[in-house]
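The next block holds one structure in the form of structure tokens; read it before the comments.
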Amino acid sequence: MNMLSNKVETVTSVEGGTIITPKGFSASGVYTAVKKRRLDLGAIICEVPASSAGVYTLNKVQAAPLKVTKESIATEGKLRAIIVNSGNANACTGKKGLEDAYEMRQLGAEKFTLPVHQVAVTSTGVIGEFLQMDKIRKGITELEPEASFEGANRFNEAILTTDTVKKHACYKTVVDGKEITIGGVAKGSGMIHPNMATMLGFVTTDANIEPEDLQKALSYVTDKTFNRITVDGDTSTNDMVVVMASGLANNDPLTEEHPNWSDFLTALEMTCEGLSKKIARDGEGATKLIEVQVKGAVNNEEAGKVAKQIVGSDLVKSAIYGTDANWGRIICAIGYSGADIDPETIDIALGPIETLKMSQPVSFSEEEAKTYLNNENIVIKVDLHVGDGFGKAWGCDLTYDYVRINAGYRT
């Protein structure tokens, strides 16, 4: 896999861009009353069969919709529709749950007059309860996707559970002289410690790319974005990210040998990183986004491992919430990360404030550190001095509200 281009200027953010900004896509969301409030059933539709790729939870307990979606994409690598419900995960629901997931797919195919294998389904919400199929059936008949911001916004709302904000990102670049766009939405606030993806993510693009090349790109980017966030250390039964590529930008097919491959990867990575950071910031009860930057590791993989270990430490997360510059918790997390380190050559800084240099304490102002930790965005910097590896990870602080929210999740 070629490395990403360092020339981020080849990729630009699309202000107000959504999943319907790429050519060929429309979206919608409706209220079925599966949830007490907010929209709870949505759809993304592509006007042509779109090259598609997915990444899924590595939790050995997997929800029924994952099996159905994997089967759909495996048929020919093409999708035209994704149907999503929130409020019920359809996980640990046995034979009936699988039957319900297949029925959702069939109903979507009938609603939009599509081959059944070009429809994907996914669910999110409470585990261990059967879908209220009477409400789902009616809701699917009411879906009327449109290529508008309102349609995309309604879909975005329909996929949320404990989320407090909608999460979207959109970037564009140039391939073969043609502008291509990548848009994405995601949901996730709790049960976030992905080992492939996030809770749910949906990405659209008008790039022309074959399914196998799209899968390579998604898997590569996932390892650097969705796999680098954590809220509470829990990997969900329903984690899934699906990408659909309409090809309507009419560029030459993208492959690893294409001269603009790195630009496409950069745009995809920036879209997924934007979504990842918004999930981390919206962690249940969170007040701060924490970014950990690790350099000087043996390789990039090791750097990412250390970064995620730090940001996933409950002690580190609690210290950040309490504005306590306790760097001892950070070096402790580095030590048990499993990475190849030299315990005598570690630097640690909280934003601009150095706290440790070559594993020796550095005198710093506790007052200045406390002031910095009162910010909404916190950066922890680590230099291991054992190689050239670099990696980042994102998470949030651990607050009293996290316990309150999860103590009453089903009620």
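Show the residue pairs that are 6+ apart or on different chains and have beta-carbon atoms under 8 Å apart, the first residue being within the range 263-277 and among the acidic types (Asp, Glu), the second being in a helix (DSSP H, G or I).
Every condition considered, the pairs that remain are ASP263/THR10; GLU269/VAL221; GLU269/LYS224; GLU273/LYS224.
Answer yes if at least one residue in the range 385-399 is out of contact with any helix residue (DSSP H, G or I) (no Cβ under 6 Å at 6 or more places or on another chain), under 23 Å from LEU289 (Cβ atoms) and open to solvent by 10 Å² or more (accessible area, probe 1.4 Å), and no otherwise.
no
Of the residues that make up the range 222-235, is at least one in a loop (DSSP other than H, G, I, E, B) and either modelled with pLDDT of 90 or more or closer than 19 Å to ILE44 by Cβ (or both)?
Checking the range 222-235: at least one residue is in a loop (DSSP other than H, G, I, E, B) and either modelled with pLDDT of 90 or more or closer than 19 Å to ILE44 by Cβ (or both).
Out of (1) over 25 Å from VAL55 (Cβ atoms); (2) open to solvent by 20 Å² or more (accessible area, probe 1.4 Å); (3) touching a helix residue (DSSP H, G or I) at 6+ places or on another chain (Cβ under 7 Å), what's the single condition that is false for HIS117?
Evaluating HIS117 over (1) over 25 Å from VAL55 (Cβ atoms); (2) open to solvent by 20 Å² or more (accessible area, probe 1.4 Å); (3) touching a helix residue (DSSP H, G or I) at 6+ places or on another chain (Cβ under 7 Å) leaves (1) as the failure.
Regarding the range 192-206, can at least one residue be identified that is open to solvent by 10 Å² or more (accessible area, probe 1.4 Å) and hydroxyl-bearing (Ser, Thr, Tyr)?
Taking every residue of the range 192-206 in turn, none turns out to be open to solvent by 10 Å² or more (accessible area, probe 1.4 Å) and hydroxyl-bearing (Ser, Thr, Tyr).
Going through ASN238, ASN251 one at a time, which residue ends up being farther than 22 Å from LEU160 by Cβ and of a type outside the set (A, V, I, L, M, F, W, C)?
ASN251
Check LEU131, LEU160 and return the single one that is crowded, with 23+ Cβ neighbours inside 10 Å, in contact with a helix residue (DSSP H, G or I) (Cβ under 7 Å, 6 or more places away or on another chain), of a type in the set (A, V, I, L, M) and assigned to a loop (DSSP other than H, G, I, E, B).
LEU131
Among (1) modelled with pLDDT of 95 or more; (2) under 30 Å from ARG404 (Cα atoms); (3) surrounded by fewer than 23 Cβ atoms within 10 Å (Cβ to Cβ), which single condition is LYS277 missing?
(1)
Do we find a residue being touching a strand residue (DSSP E or B) at 6+ places or on another chain (Cβ under 8 Å), in contact (Cβ under 8 Å) with a residue 24 or more places away in the chain, surrounded by fewer than 20 Cβ atoms within 10 Å (Cβ to Cβ) and closer than 28 Å to LEU275 by Cβ anywhere in the range 326-343?
Checked the range 326-343: no residue is touching a strand residue (DSSP E or B) at 6+ places or on another chain (Cβ under 8 Å), in contact (Cβ under 8 Å) with a residue 24 or more places away in the chain, surrounded by fewer than 20 Cβ atoms within 10 Å (Cβ to Cβ) and closer than 28 Å to LEU275 by Cβ.
The values are calculated or read from the model by the stated rules, or taken from the named source; none is laboratory data. Note that the structure is predicted; figures quoted are calculated from it, not measured. Note: ideal-geometry Cβ built from the backbone for every residue, glycine included; neighbour counts use all protein chains shown. Just so you know, the surface numbers come from the protein's heavy atoms only, side chains and all, with ligands and any DNA or RNA stripped out. Shrake-Rupley method; radii C 1.70, N 1.55, O 1.52, S 1.80 Å.
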